[in-house]
Amino acid sequence: MVKITVVKTKAYADQKPGTSGLRKRVTVFQQNQHYAENFIQSTISVVEPAVRQESTLVVGGDGRFFMKDAIQLIVQIAAANGIGRLVIGQNGIMSTPAVSCVIRKIKAVGGIILTASHNPGGPSGDFGIKYNIASGGPAPEGVTNKIYDISKSITEYHICPDLKVDLSKIGKQTFEVDTFKPFTVEIVDCVEAYAEMLRGIFDFPALKELLSGPNHIKVNLDAMHGVVGPYVKKIVCEELGSPANSAVNCVPSEDFGGHHPDPNLTYAADLVKTMKGGEYDFGAAFDGDGDRNMVLGKHGFFVNPSDSVAAIAANITCIPYFQKTGVKGLARSMPTSGALDNVAKALKMALYETPTGWKFFGNLMDAGKLSLCGEESFGTGSDHIREKDGLWAVLAWLSILASRKQSVEDIMKDHWKKFGRNFFTRYDYEEVNSDAASKMMKDLEAAMSDKSFVGKKFSSGDKTYEVEIADNFMYTDPVDGSVSKNQGLRIIFSDGSRIIFRLSGTGSAGATIRLYIDSYEKDPQKINQEAQVMLAPLVDIALKISQLQENTGRTAPTVIT
Ligand code: VG1
Ligand code: CO
């Protein structure tokens, strides 16, 4: 019989989940007494006591440092709170999209994901805890606010300190816990259910032909030492027949080899270099927890994520899943470029614009209004689950290649010819002084609220733009009517070009300022130009209006996408 202990604790004031869960330095979780326990208890407390005994929670993580400790705590605290069953990925490993898939498949009450996604790991890196609800999606703000409220007033937590599970052994382990029914922990293969789902979405024989048939293409998939490794190996290599050397950095490591597991042009520089070599036809990288993707064509041709979702939308009939379900609607986060809007308009599909963060897509999907969506931050996905899905996006692209028999570059260039092109860039200023960042945003919002701001003209070089709309983006959920304010400052010019400023909600130290620029061009003479060249005047105007350099002391961004 396992004993339950009630431990007195002191609340912390800073356990507010951000864009995607609670993210802090590992040292914050390790050194502050009961820090992790408090948050885990606060999370489990949102599961109604009346249903706990019959409920299952899915648990998985991206393999980063401190994950296994956190999982043992979750086991002990879940048991002591009367949760009936946990389903955990072997060795704790399970990608974010796979957790979403498993929650839905076994009708779990929710899931806990141990990840700080693309943030670096290791003892001096970041850790994160995220809660997903029964739909398989990230908890909406109503739920995360509840977790935060509980965490601010918590005085004790319940735990079974002697309960230990073997995370390496696939199968069921059952424990007798004090006053409750037996508590079950089931360790599962992390790929199985997810692979089974993908087989129902894509045409696997066609993909197999593409990757290992007589005229096969060569792919290079970089898991960046994150959680996608085992999925790439089992699905792309073993099942679809791509050679073993297509799987790069595919063994999850606690510190991601000392790198940022972030699939962009800066942090996935090795992949970019390999692709430039010209040996491979298709390349992709994934983030730590496997929900993001970056797609590259031969010679390193870069597919901007905003274009990626638009191209998938325009070629959606190449994917059997959508032939079955039809296309209910499209959606993008507000800062994502308008490329998807152009496809929606041409193909007469509904288009929704949501705040940043995947949690805002969930209601639309549950209501049958949304099939395919994306974010500029390398997130692409559909209503097959309720998370963005890196490997799904790669198989979506490979399905398009298999059916159109064209290169990535030709597909994108055709796309721009047909729909016009949204030039897009994002500048990230990481770890800026928090006060300086807030001041910049406050001053900018004040300047934008001035009556004379709308109609004002800004020039750089030979370009002049006139402000048409200036606001702080606010979203009213069309399904449940919930309102989310302060989602980013937008300046929209009369030609549709946009400048957007937002503060990140996933950083763990200081503030990260994100500047997004989106500008539409349909002149066929101009659509193949360099994005950075095309957007230079708008970047210049954005820096002037915001006084970013004066406020933060930064003369250049940390990352340019
Ligand atoms: C960032 C991205 C956002 C994404 C979020 C979670 O948020 O901009 O689009 O949904 O990360 O992705 P922010 O608040 O830092 O801009 V993940 O792969 O970190 O879970
Ligand atoms: Co992620």
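Mind checking the log10 I(q)/I(0) for the chain at q = 0.06, 0.07, 0.12 Å⁻¹? Debye, one equal scatterer per Cα, no solvent, two decimals.
-0.29, -0.40, -1.18
Between helix 67-80 and the chain, what is the angle of the helix's C-alpha long axis to the longest principal axis, kept within 0 to 90° and rounded to the nearest 10?
So the helix axis and the longest Cα principal axis differ by about 50 degrees.
Measure nothing fancy, just the Cα-based angle from helix 141-153's long axis to the longest principal axis of the chain, in degrees from 0 to 90, nearest 10.
50 degrees
Taking every pair of alpha-carbon atoms in the stretch 38-165, what share in percent sits in each 10 Å bin, from 0 to the bin with the longest distance?
13, 46, 36, 4
List, in the order given, every pair from K24/K105; K152/K369; K146/K485; K3/K24; K273/K388 whose Cα-Cα distance in the structure shown is over 29 Å.
Values: K24/K105 31 Å; K152/K369 36 Å; K146/K485 18 Å; K3/K24 31 Å; K273/K388 26 Å.
Over 29 Å apart, Cα to Cα: K24/K105; K152/K369; K3/K24.
Rg and Dmax of the stretch 106-239, using alpha carbons, in Å: what are they?
My reading of the Cα-based Rg and Dmax gives 20.0, 65 Å.
Bin by bin, in steps of 10 Å, what percent of the Cα pairs in the stretch 463-561 do you find, going until the bin that has the longest distance?
Spelled out bin by bin, the stretch 463-561 gives 12, 40, 33, 14, 1 percent.
Excluding residues fewer than 8 places away in the same chain, name every one of the aspartates and glutamates whose C-alpha is closer than 20 Å to that of K413.
Counting by Cα, and skipping residues close in sequence, K413 has these aspartates and glutamates nearby: D281, D307, D341, E376, D518, E521, D523, E530.
We did not get these values from a lab; they are worked out from the coordinates using the rules stated. Here the structure is a predicted model, which means the values were calculated and not measured.
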